[in-house]
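> Pasting a structure below so you can have a look.
The values are calculated or read from the model by the stated rules, or taken from the named source; none is laboratory data. All values reported here derive from a predicted model rather than from experimental measurement. Counting neighbours? That spans all protein chains shown, and the Cβs are built from the backbone with ideal geometry, glycine included. Protein only, heavy atoms only, side chains kept; ligands, DNA and RNA dropped before computing areas. Shrake-Rupley method; radii C 1.70, N 1.55, O 1.52, S 1.80 Å.
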Amino acid sequence: MKLQPYRAAFDQFASSLPANERLVRDAHLQRFLSLGFPSKREEDWRYTDLAALSEKSFGLAIPAGNEADFKRIDGTERLVFVDGRLDSARSTAAQFCAEIPATESPATDGVLALNAAFSSAGLDLKLAAKQQLEQPLHVLFLSSAGADRATSMSHQRHRIVLGENACATVIVEFARESGSDSLATHTFDIQLGANAQLTLHRLQHESAATTLLTRIDASLGRDARFNALCLDAGGGFVRHDFNVSLDAPGTNAELHGLFAPLPKSHIDNHTRIVHAAPHGRSREHFRGIVGERTKAIFSGKVVVQPGAQKTDSEQRIANLLLSKRAEVNAKPDLEIYADDVKCAHGATVGQLDDTALAYLRSRGIDAATAKSLLLRAFAIEILDHVNFVPLRRHIEALLNFPDDPQLDALIEAVS
Amino acid sequence: MLEIKNLHASIDGKEILKGLSLNVGAGEVHAIMGPNGAGKSTLAHVLAGREGYVATTGEVKFEGKDLLTLEPEARACEGVFLGFQYPVEIPGVSNLTLLKAAINARRKYRGRAEIEASDFLAWIRDRAKIVKIDPKMLSRGVNEGFSGGEKKRNEILQMLILEPRLMILDETDSGLDIDALKIVADGINTLRSPERATVLVTHYQRLLDYVQPDFVHVLARGRIVKSGGPELAQELEEKGYGWLEAA
């Protein structure tokens, strides 16, 4: 039977659970077994085929103990997970780790059901009214180092709940270096209270053998502000679902992203912004740099529901194709059911500017450096949304942009 | 310093330069004039190594080195500078980034360490004065939002900063008002020295009132059809190019 290895892995996993918990988990597993992984026939999964996952036999990952290294970001608190388990020794904010009970309602798709069946403890950030995180919280997902490890999987659920006027910055980083096949699913449930503010950075630089499926569902309360930045700088087979619901009047959501994946990878950003209340503002701007044998997908849907008057929404996607064997599918999509709204969208696909490249080379700059300067120039509109300087440097290093730590100081000195 | 022998060059298979020969010695200023479409800009780009400009036959030596086999960036590091007729706007790459990368590329080429930030800044400020560019503009993207005159002055600024040994200026004077033209000319004259050579590609005699050439050449139909002293420029101004093209 197909999916049998998941059944086997579950039996092993569930044996240690209390009976009532096992019952809930088992229901999710049954749901998963009956739904299976989403198929390409479903519109939302048209470009991302998970069929191969059905054939694989992943076992739940067991931390091997040898520590995978990671780069710390100055001025942050840390929560480190290795193979889906908290690494308390290297975490400075372990209080934000908790098991999040799976909902009892049946999951809407196979991936969610799988995640609910197996989920282990994850980020659980709850801030009371007016509470503020002093430092950004850096949440890392690593794999234990070492080569010859069996195919493994991990599944985690996360939650961020901000009370009225609460404020937080969270950096979520997927940085597994595992050389063997692995599967990870992550779900984030985000709820922002009235006038709360969340800045969320989702960074991914996984290895080529990784399959990563993430899903963020955010719901915004009155006047809440949500700024998200999504970066894909790694390889592998990656699908991100990002759903933002502007549920109360006066909310502001900004969703910006840059994907510059490694060659031979597959990156699917699937976003959905729902304006469900009046006076909501949303901005979505993604840029992609797509190279050799890489497939990138961006689908961005904006829905303006009846009654969501005075909605102000803008969606832009720009892509740079670096190779004849690069593929990008960009699909902006608007659905409007209100009549007093302002909605704009646009998509472009282009190539590196040869004239600019020639100009830089004529000044003595070698072709590779010139090219990376131009790539950085293309990405800068997105990077400029990162106000936290140590994070900005971290991201530029991930993207292998020309390292010039003195530059800001120079610009400062000249101005 | 620069020896061009029987140079043939084409773009997209179309031959533009048809046997051009020219010798430029150290310390000399050569003006290359000629009608539109004569191949003046092609010559400038072939020397700088622009992709798509193919030298089919002939030879170009710069200080004894075969220039045509070098990558464009290596030519620049050897000391060749091309001032573009149409400087490129590069939003997202600041002028400072470009300048710093260009200076350090040259230093690396000569096996020297990268420039200190304070030295870099002092040098930029010093040079910016000559061309009357506010250093603040340099934190903006390369030529981004610059006026036509500012772009040309920025070319000269880059040249002053990089201190090349061979300056090739492709119609840097075109489209400039008289004040901007004087600034550009000042910049060129600042670098003029016995160790440096200059090739001024120009359509108008006007620039030569401010930068006195040692030699003037007329380029027509892909060849140099006439050479002379500064007086030739005057003659061209009066008679136009018709009499030479017919010859």
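> Quote to one decimal, in nm, the extra length available between A:Ala89 and A:Gln135 on full extension: 0.36 nm per residue of separation minus the C-alpha distance between them.
Result for the pair: 14.6 nm of gain on full extension.
> Classify the stretch B:44-111: rounded, prolate or oblate, from the alpha-carbon gyration tensor (a ≥ b ≥ c, eigenvalue square roots; a/c under 1.5 rounded; otherwise prolate if a/b is larger than b/c)?
Oblate.
> Separate question: Note down the nm distance, to one decimal, between modelled labels 7 Å out along Cα→Cβ at A:Ser105 and at A:Ala208.
4.2 nm
> Sort out the exposed loop GluC sites (Glu not before Pro) in chain A (DSSP loop, at most 11 other Cβ within 10 Å) and tell me the longest stretch that has none.
That would be A:135-415.
> What do you reckon, how do A:Lys130, B:Lys100 stack up by accessible area (1.4 Å probe), largest on top?
Descending accessible area places them as A:Lys130, B:Lys100.
> Just how far, in whole angstrom, is the stretch B:42-91 from the stretch A:178-210 if you go by their alpha carbon centroids?
Value for the Cα centre distance between the two parts: 48 Å.
> Can you give me the accessible area per residue for chain A, using a 1.4 Å probe, in Å²?
So chain A comes to 41 Å² accessible per residue, rounded to a whole number.
> Let me ask something else. Which three extents, in angstrom, do the Cα atoms of the stretch A:191-311 have along their principal axes, listed largest first?
The Cα atoms of the stretch A:191-311 stretch 44, 23, 18 Å along the principal axes, largest first.
> Ignoring ligands, DNA and RNA, what percent of the 1.4 Å accessible area of the stretch B:1-133 is carbon and sulfur?
48 percent
> Pop the C-beta distance of B:Lys14 and A:His345 into the FRET formula with R0 = 56 Å and round what comes out to the nearest 0.05.
In this case the efficiency is close to 0.85.
> Among rounded, prolate and oblate, which fits the stretch A:60-353 when a ≥ b ≥ c are the square roots of the eigenvalues of its C-alpha gyration tensor, a/c under 1.5 means rounded, and a/b larger than b/c means prolate?
Taking the square roots of the gyration eigenvalues as a ≥ b ≥ c, the stretch A:60-353 is oblate.
> Which whole-number percent is the relative contact order of the stretch B:136-247 (Cα, under 8 Å, 6+ apart)?
Reported as a whole number, the value is 21 percent.
> Over chain A, what relative contact order in percent results from Cα pairs under 8 Å that are six or more residues apart?
It comes to 9 percent, rounded to a whole number.
> Could you please report the charge total around A:Gly250, scoring K, R as +1 and D, E as -1 over all other residues with beta-carbon less than 14 angstrom from its beta-carbon?
0
> Suppose R0 equals 56 Å; then what is the FRET efficiency for B:Lys65 and A:Glu381 from their Cβ-Cβ distance, rounded to the nearest 0.05?
Taking R0 as 56 Å, the efficiency between B:Lys65 and A:Glu381 is 0.85.
> Could I ask something else about it? Out of the trypsin sites (Lys or Arg not before Pro) in the stretch A:296-352, which ones are loop residues according to DSSP with at most 11 other C-beta atoms within 10 Å?
Filter output for the stretch A:296-352: A:Lys324.
> Could you pull out every one of the lysines with an alpha carbon less than 17 Å from that of B:Lys151, ignoring same-chain neighbours closer than 8 positions?
B:Lys129, B:Lys132, B:Lys136, B:Lys182
> What total accessible area, in Å², is buried where chains A and B meet, using a 1.4 Å probe and rounding to the nearest 100?
The A and B chains share an interface burying roughly 2700 Å².
> Once the other residues with Cβ under 14 Å from the Cβ of A:Leu198 are scored (Lys, Arg +1; Asp, Glu -1), what is the net sum?
-1
> Quick one: Cα convex hull volume of the stretch A:85-236, Å³ per residue?
111 Å³
> What average number of partner chain Cβ atoms lie no more than 10 Å from the Cβ of the residues making up B:95-108?
Shielding by partners across B:95-108 averages 5.
> A follow-up question, please. Not counting ligands, DNA or RNA, and with a 1.4 Å probe, what is B:Lys65's accessible surface area in Å² rounded to the nearest 10?
Solvent-accessible area, nearest 10 Å²: 100 Å².
> May I pose another question? Once the stretch B:96-247 is represented by equal point scatterers at the alpha-carbon sites, with solvent omitted, what log10 I(q)/I(0) does the Debye formula produce at q = 0.13, 0.20 Å⁻¹?
Values, matching the q order: -0.68, -1.25.
> Let me have the relative contact order for chain B, percent, based on Cα pairs under 8 Å that are six or more residues apart.
Over chain B, the number comes to 28 percent.
> Let me ask something else about it. Between B:Val88 and B:Asn189, take the C-beta separation as r, use R0 = 41 Å, and let me know the FRET efficiency to the nearest 0.05.
0.95
> Starting from the Cα-Cα distance between A:Ser16 and A:Lys2, subtract it from 0.36 nm times their residue separation and give me the gain in nm to one decimal.
Residue separation times 0.36 nm, minus the Cα-Cα distance, leaves 2.6 nm.
> Return the Rg/Rh value of the stretch A:13-127, two decimal places, where both radii are evaluated on C-alpha atoms and Rh is the Kirkwood radius.
When Rh is taken as the Kirkwood radius, the ratio is 1.02.
> Could you calculate, for the protein assembly as shown, the ratio of the Cα radius of gyration to the Kirkwood radius, expressed as Rg to Rh?
A ratio of 1.09.
> Need the full-extension length gain, B:Arg107 to B:Val54, defined as separation in residues times 0.36 nm minus the C-alpha distance. One decimal, nm.
Here the segment from B:Arg107 to B:Val54 would lengthen by 16.2 nm.
> While we're here: If I model a spin label as a point 7 Å beyond the Cα along the Cα-Cβ vector, how far apart are those points for B:Glu3 and A:Asp353 in nm?
Going from the B:Glu3 label point to the A:Asp353 one covers 4.0 nm.
> Quick one: Cα centre-to-centre distance for the stretch A:217-237 and the stretch B:149-184, in angstrom?
Measuring centre to centre over Cα atoms gives 47 Å.
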